[in-house]
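Written below as structure tokens is the structure these notes are about.
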Amino acid sequence: MGGQTRGATLSLDLRERILATYDEGRDTREAVARRYRVSLGMVKKLLQQRRRTGDIAPRHHRSGRKPRIVAAHQRQMRALLGRKPDLTLAELRAAVELECSLPAIHYALLKMGLSYKKRRCAPASRTARTSPERAKDGGGGKPASTRRGSSSSTKAGRKQT
């Protein structure tokens with residue numbers, strides 16, 4: 001009686017033993033699940049898979065999220081970018097009639113080894129200084145509002161007694 005960890009793929013041997021035990025007709029699905037330490041859902045899925053396809057092998061290649069950008073879309077994008085390499089991601093999405101996010105197109109292009117124009121429109125880069133120059137040391141700045149040696153909280157000329 002080997003226990004399975006959650007999410008682990010069941011071996012073909014274990015799948016066959018589970019179904020053989022169920023097919024004997026002596027145990028319920030629940031009892032078979034307990035005996036082989038698998039979930040009731042796993043037993044149900046195995047029975048369903050066998051009934052639908054006649055096969056009980058793992059079907060991981062069919063699981064997960066299905067790609068929205070398939071080979072046909074990739075061929076279209078490659079052709080479009082060959083003719084007009086400055087297409088933006090949004091323009092590319094509209095031209096190929098994709099229903100996916102712009103980052104999804106970005107990653108698909110990276111996998112294909114292609115690049116694209118990054119901005120729809122932008123002014124030319126500036127290389128000129130954009131901040132004012134630093135003031136030179138000494139003088140030249142705004143004149144001081146208080147005399148040296150005093151502070152704004154004292155009045156000049158009046159001595160305490």
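Things worth noting here:
- Listed by first and then second residue, the pairs linking a residue in the stretch 37-60 that is in contact (Cβ under 8 Å) with a residue 40 or more places away in the chain and farther than 11 Å from Leu14 by Cα to a residue that is hydroxyl-bearing (Ser, Thr, Tyr) and surrounded by fewer than 15 Cβ atoms within 10 Å (Cβ to Cβ), with Cβ atoms under 9 Å apart and 6 or more places separating them unless they lie on different chains, are Pro58/Thr9; Pro58/Ser11; His60/Thr9.
- Only one of Arg52, Arg68, Arg75 that is basic (Lys, Arg), assigned to a helix (DSSP H, G or I) and under 13 Å from Ala108 (Cβ atoms): Arg75
- Candidates in the stretch 87-102 are the residues that are in a loop (DSSP other than H, G, I, E, B) and in contact with a Phe, Trp or Tyr (Cβ under 8 Å, 6 or more places away or on another chain); of these, the one that is surrounded by the most Cβ atoms within 10 Å (Cβ to Cβ) is Leu87.
Coordinate-derived values only; no laboratory data. Only a predicted model underlies this, so the values are computations on that prediction, with no experimental measurement involved. Cβ sites come from the backbone with ideal geometry, for glycine too, and all protein chains shown count toward neighbours.
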